[in-house]
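Structure record follows, encoded as structure tokens.
Read-outs throughout are calculated quantities, based only on the coordinates presented, and are distinct from any laboratory measurement. Quick caveat, the model's predicted, so the values are computed rather than measured. Don't worry about glycine lacking a Cβ; one is built from the backbone with ideal geometry, like all the others, and counts go over all protein chains shown.
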Amino acid sequence: MNKTVTIPPVRKSVHVKASQAHAFEVFTTGLDRWWPRKGTIGTSPLKTVTIEPRLGGRWYEVGEDGSQATVGKVLAWDPPNCFIVSWDINSHWKPDTTVGSEVEVRFTAEGPEATLVELEHRKFERMGAEAGASLRKDVDGGWPGILEGFRAAAEQ
């Protein structure tokens, strides 16, 4: 009998002093303005990072040498409420379409210039128990700093 592995999702949130539409825009089409340059999966230092703003769009990086590395793809697109992207990166921080965890980001207006942004990174079990637990631990520690960079950019 096979035992099903379940790894709990990572959930993080941040309150942003910005409208829901602005927060969504900064997180998605404005990703290159705030994504940490050290957070790259490419072979060259990170030049740009992009989420194509549509269902099926790519989330990808371009290195300083022009090389591209795919982070994932857009699985759901509902501006300015939420989006879901695959995270096609393995526990060794290399692109790998066979392991796709998911990142869902929800934007809830709390007033005209206030938004709650909730992130859920899930489905780590797709990469197996050990690798999934390893990646979960890494992103659990990484998302808070990334969300803080986003908050700062959205509030400028």
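Using DSSP to call loops (not H, G, I, E or B), can you name the GluC sites (Glu not before Pro) in the stretch 81-128 whose Cβ has at most 15 other Cβ atoms within 10 angstrom?
In loop regions of the stretch 81-128 (DSSP not H, G, I, E or B), the sparsely surrounded GluC sites (Glu not before Pro) are E113.
Compare the Cα positions of V71, P95, H22 along the charge dipole of the stretch 16-107 (+1 at Cβ of Lys, Arg; -1 at Cβ of Asp, Glu; about the Cα centre) and return the one farthest towards the positive end.
My answer, from the dipole projection, is H22.
Using 7 Å Cα-to-Cβ label points, what is the C82/D138 separation (nm, one decimal)?
Taking the two extended label points, one gets 2.6 nm.
Spin-label point model (7 Å from Cα, Cβ direction): what's the E148 to E113 distance in nm?
Once both label points are built, they end up 2.4 nm from each other.
Projecting each Cα onto the charge dipole of the stretch 97-136 (Lys/Arg +1, Asp/Glu -1 at the beta carbon, about the Cα centre), which of V105, L116, A131 comes out farthest on the positive side?
Of the listed residues, the answer is A131.
Cut-off under 25 Å on the C-alpha distance; same-chain residues fewer than 8 positions from K94 excluded. Which lysines are left, in chain and number order?
Within reach: K12, K38, K47, K73, K123, K137.
Is it possible to state the helix-based mean residue ellipticity at 222 nm for the chain, with each DSSP H run of 4+ residues giving -39500 (n - 2.57), the sum divided by total residues, to the nearest 500 deg cm²/dmol? What is it?
After summing the helix terms and dividing by residue count, I get -7500 deg cm²/dmol.
Taking the alpha-carbon distance from K17 and a cut-off under 13 Å, which aspartates and glutamates remain once sequence neighbours fewer than 8 residues away in the same chain are dropped?
Leaving aside aspartates and glutamates fewer than 8 places away in the same chain, those within reach of K17 are E110, E113, E148, E155.
Eigenvalues of the Cα gyration tensor times 5, then square-rooted: what semi-axes does that give for the chain, in whole angstrom, largest first?
25, 20, 14
What nm value, rounded to one decimal, do you get for the distance between R11 and Q156 when each label is placed 7 Å out toward the C-beta?
The modelled label-to-label distance comes out at 3.2 nm.
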